[in-house]
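Reading through the structure tokens given below for one structure.
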Amino acid sequence: MTEATWERRHVLSLADFTAAELETVTQTAVSFRDVLSRRTRKVPALQGLVVTNMFFEPSTRTRSSFELAAKRLSADVLNFAPGTSSLTKGETILDTAKTYLAMGTNLMVIRHQDAGVPQTIADEMDRLQSGVGVLNGGDGLHAHPSQALLDLFTLALSLNPDQPTSQALAGLKIAIVGDILHSRVARSNLWALTACGADVHLAAPPTLLPPGFAEAFMRQSPLPIHRQVVQHSRLAPALENADFVMTLRLQKERMTQHRLPSLREYHAEFGLTRNRLNACEPNVKLLHPGPTNRGVEISSDLMDDPALSLISEQVTNGVAVRMALLYLMGVGKGE
Amino acid sequence: MTEATWERRHVLSLADFTAAELETVTQTAVSFRDVLSRRTRKVPALQGLVVTNMFFEPSTRTRSSFELAAKRLSADVLNFAPGTSSLTKGETILDTAKTYLAMGTNLMVIRHQDAGVPQTIADEMDRLQSGVGVLNGGDGLHAHPSQALLDLFTLALSLNPDQPTSQALAGLKIAIVGDILHSRVARSNLWALTACGADVHLAAPPTLLPPGFAEAFMRQSPLPIHRQVVQHSRLAPALENADFVMTLRLQKERMTQHRLPSLREYHAEFGLTRNRLNACEPNVKLLHPGPTNRGVEISSDLMDDPALSLISEQVTNGVAVRMALLYLMGVGKGE
Amino acid sequence: MTEATWERRHVLSLADFTAAELETVTQTAVSFRDVLSRRTRKVPALQGLVVTNMFFEPSTRTRSSFELAAKRLSADVLNFAPGTSSLTKGETILDTAKTYLAMGTNLMVIRHQDAGVPQTIADEMDRLQSGVGVLNGGDGLHAHPSQALLDLFTLALSLNPDQPTSQALAGLKIAIVGDILHSRVARSNLWALTACGADVHLAAPPTLLPPGFAEAFMRQSPLPIHRQVVQHSRLAPALENADFVMTLRLQKERMTQHRLPSLREYHAEFGLTRNRLNACEPNVKLLHPGPTNRGVEISSDLMDDPALSLISEQVTNGVAVRMALLYLMGVGKGE
């Protein structure tokens, strides 16, 4: 395994990830995907290290994925459950993080409903010269880097199962459909996909994708963006000749916020159906970060069609990519 | 350890378990009971495999037993907690199971308040040719196979501690007392005990054991039943010359459903007391699946009398039997 | 590692701990603190043993510390979560404990809101000749021995990082400030500190430290107390020439019980601030069992000053001390 281009202590956002770093994660994930297919399925890489999952926003699925990744690297795992925690006793989030640091945590996975919490904790860990690495497990509407990295790995693996590389994405058209405005997954994917040279087309009703969103995104980029991000208020132009289509989960609370008339109407205009995929490239594949609302953002038959859906692959690759991230961040610690 | 007669991928019910299969589980549990009494207490049999406990119906006791069994076989364990899960986000149970499959789960233990959920998940796992084994950890009023198997092992061990065998049950009289109508434990025990050639006598008030229950049960059997199942609306005939008495937990909500007049009256008519045991065989022993209502279905002094109660033995044997089941279902996977 | 002076099966209170026993814990913790600073960080001492955390009163922080300590000793850990437990089904606490005993638990860590529960469980474990060791993880207002032992170890380490010994506390002045009446931490510290020959000065408003508290404490002692415990209703005399100051968490519910006028007033009279520390010895250090209310019992800047605060050290030492306790209680079991 190579860490040639890895200098990061934390993984908080993909905004400043270079194509070389994305490729390092991809290649490291390739190695771990191989490990997972062997009998042993464990490597001693992080033996003796402590990975603490601090999920202030609950998510069994993502927490399980990180927990399994850490265990497969032979780390010890602590799970912090906010419901029964000192937070209810008035302790600050930073003090909670410092408590787990003092217990011996080497790597923290932080998920929080507010954007910026993982960054704040990472800053504090650096200020204390702790050496702890912080991995953003999803923060507010800001970022969800491990999800975008597993999406990227899934795309690379789909394009070339024998020699997957993130470079294969260059020049492809990727459609992202759904509640982009409220999606940290979409934001993290935008950084990763454009860095790899893909064209990204966004499609959603204007209440979920306001005019100017794509331009604003490109202006924020700390790195030069070589490819276009294009936004559409209809589905058809996004799907046209698309190589991959990524649908996002529709939060049902958007209805009560008057952003959508009804689930049925949303499905009629933006739901993925077999018929609509005819406009895409013949080998088009579908992604979804899960959990899905069957029959809302995607029809049930598409989701279950192994010739089209990469959704299960995404979950499987999630463990390999999270192993790769924990490995890259953790190896060398404690020596 | 022999798996001579083991061909099952799943353990969902004991309705079609042959006497040979019951004996295979018993003998495998004997081996693991020996392991548990040694210093090491761990075997590497399932190293690298993932056992996921999906307890949609919470039960710390049963979940801990499965968790410990899996750890003693060196498996990695994931616990799915419905309270903080994607289910609240509208994901279906099958999608949840498929997510854990995609993460790399090899064996699933499913507990659910609705009958049939483990079967549905097992069918889906087979349809996907996943190779995953599903173990029913208790579903609605349908079945609780690991409980009945640990009861069987406890009976066999009680009859002959040096060479326990399920065959020793042939011709014995076992009384099952309590809320049989609402008990998945009773149903699973009926299959196992009759397959081993025991006579089973059921006793409960008619509201908890409707007329015709025993006949209906025997008509359902996919295998020929060689022994009688007899039902009684009074306790005395069930206890007469019984070799073992199994009491069931009385759900207190039965009162509010007007199935029982009062706990006191229930105890007066069907509660096990020392005096009533005089009608049984001299060496009679008592079982209870727990948790118990002391002084309702069983008097406190009986429960704590090591000469009579096998209740602690049942819990201890639960770990050995669950190790046996996970081992039989899991060995060979991933090779 | 020496267990020269260790004869205890349980650790329930420090009331009858001798200075020699306190030193045994301290020296064992020294060894484990060394282990924790090495690459491996794990020892196989308790391999095959089961440590069950039974936290009837929730505490993520303390539970994580015990869990990590047990894992570092290579034990298997079960966590009992009361919310989803049989207790809601009416099972008694003793039956819950016996269930975990029957599953194969070797060591139990018990935390409960009522004083005496760990003792009751320990008595039952002894009555059953189970050999199980019970460690009090905090019970009501009674005791929190592992917290006081980690405080003691932290003091010893602060006084002499190269050769820490509890004997170095002899003749020092330790101030304990805050809600002493409702603090099991204060009570356990009083036993440990006086046994090591320290002078302890308590300071709190009379509603949190009633007249006669110190005398009543000393009268209770089963061992002769060689040093004075002095109580003050003002902060100044407690801080004067103090070598260490320990502040306690202020439970905000004390306000609603009319024991305190306001947090602001409490901070004005008893809150630790930099200015007030001028009265202490020049090398004074601060302890707090956590979680803290910043700006109430201690000012934020003091808490974060590494030259003054031992709070992070306490958390780190908590893992080493809990490893020491589990090791001393568990080694030899199951052989």
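Only the coordinates and a few stated rules stand behind these numbers; no lab work does. These numbers come from a predicted model, not from an experiment. A quick note on method: Cβ atoms are made from the backbone with ideal geometry, for glycine too, and the neighbour counts reach across all protein chains shown.
Taken over the C-alpha atoms, the protein assembly as shown has Rg and Dmax values of 30.9, 89 angstrom. A point 7 Å from Cα along Cα→Cβ stands in for C:GLU269, and the other copies hold the same point at 6.4, 6.4 nm, listed in rising order. The phi-based Karplus calculation (6.51 cos²θ - 1.76 cosθ + 1.60; θ = phi - 60°) puts the 3J(HN,Hα) values of the stretch A:240-249 at 4, 6, 6, 8, 9, 10, 10, 9, 10, 5 Hz, whole numbers, x for Gly and Pro. About its Cα centre, the dipole of the stretch C:116-219 is roughly 160 debye, where the only charges are +1 on Lys and Arg Cβ and -1 on Asp and Glu Cβ.
Using only side-chain charges placed at the Cβ, +1 for Lys and Arg and -1 for Asp and Glu, the dipole size of the stretch C:193-335 relative to its Cα centre rounds to 380 debye.
The other copies place their C:PRO44 label points at 1.1, 1.2 nm from this one, listed shortest first, where each point is 7 Å from Cα along Cα→Cβ. Does the stretch B:219-313 come out rounded, prolate or oblate by the C-alpha gyration tensor, with a ≥ b ≥ c the root eigenvalues, rounded set by a/c under 1.5 and, if not, prolate when a/b is larger than b/c and oblate if not? In terms of gyration-tensor shape, oblate.
Here the simple spin-label model places points 7 Å from the Cα toward Cβ, and for A:ALA20 and A:ARG234 these points are separated by 4.5 nm. Residue exposure proxy: B:SER233, B:SER146, A:SER183, C:SER65, ordered by other Cβ atoms within 10 angstrom of their Cβ from fewest to most, comes out as B:SER233, A:SER183, B:SER146, C:SER65. So what is the diffusion coefficient of chain B in µm² per second by Stokes-Einstein at 25 °C and 0.890 mPa s, using a Kirkwood Rh over Cα pairs? Translational diffusion coefficient: 121 µm²/s. Neighbours of C:VAL35, meaning other residues whose beta-carbon lies under 9 angstrom from its beta-carbon, give a summed charge of +4 when Lys and Arg score +1 and Asp and Glu score -1.
Modelled this way, with points 7 Å down the Cα-to-C-beta line, the labels at A:GLU269 and C:TRP6 are 6.9 nm from one another.
According to the calculation over all Cα-Cα pairs in the stretch A:147-310, the P(r) per 5 Å bin from zero is 2, 9, 20, 23, 22, 15, 7, 3, 0, 0 %.
The distance between label points at B:ASN283 and C:THR207 comes to 6.8 nm (points 7 Å beyond Cα on the Cα→Cβ vector).
Each DSSP beta bridge with both residues in the protein assembly as shown is either parallel or antiparallel, and the antiparallel ones are about 5%.
In chain A, a dipole from Cβ-located charges (positive for Lys and Arg, negative for Asp and Glu) runs towards its positive end, and of A:PRO291, A:PRO161, A:ALA204 it is A:PRO291 whose Cα lies farthest in that direction. When only alpha carbons are used to place a centre, the stretch B:135-187 and the stretch B:298-330 end up 10 Å from one another. Counted by neighbouring Cβ atoms within 10 Å, the residues A:VAL109, B:VAL51, C:VAL77 run from fewest to most as C:VAL77, B:VAL51, A:VAL109.
From least to most packed, judged by other beta carbons within 10 angstrom and beginning with the fewest, B:ARG63, C:ARG33, B:ARG219 follow the order B:ARG219, C:ARG33, B:ARG63. Against chain A, whose longest principal axis comes from its Cα atoms, helix A:311-330 is set at around 30 degrees.
Remark on B:ALA198: its backbone amide H falls under 5 Å from those of B:GLY171, a criterion applied only to residues 5 or more positions apart or on other chains, H modelled at 1.01 Å from N. Summarising the amide proton neighbourhood of A:LEU272: residues at separation of 5 or more, or on other chains, whose placed amide H is nearer than 5 Å comprise A:ILE298, A:SER299.
When A:LEU223 is represented by a point 7 angstrom out along its Cα-to-C-beta vector, the spacings to that point in the other copies are 6.2, 6.2 nm, nearest first.
For chain A, a crude dipole built from +1 on the beta carbon of Lys and Arg and -1 on the beta carbon of Asp and Glu, taken about the Cα centre, is about 580 debye to the nearest 20.
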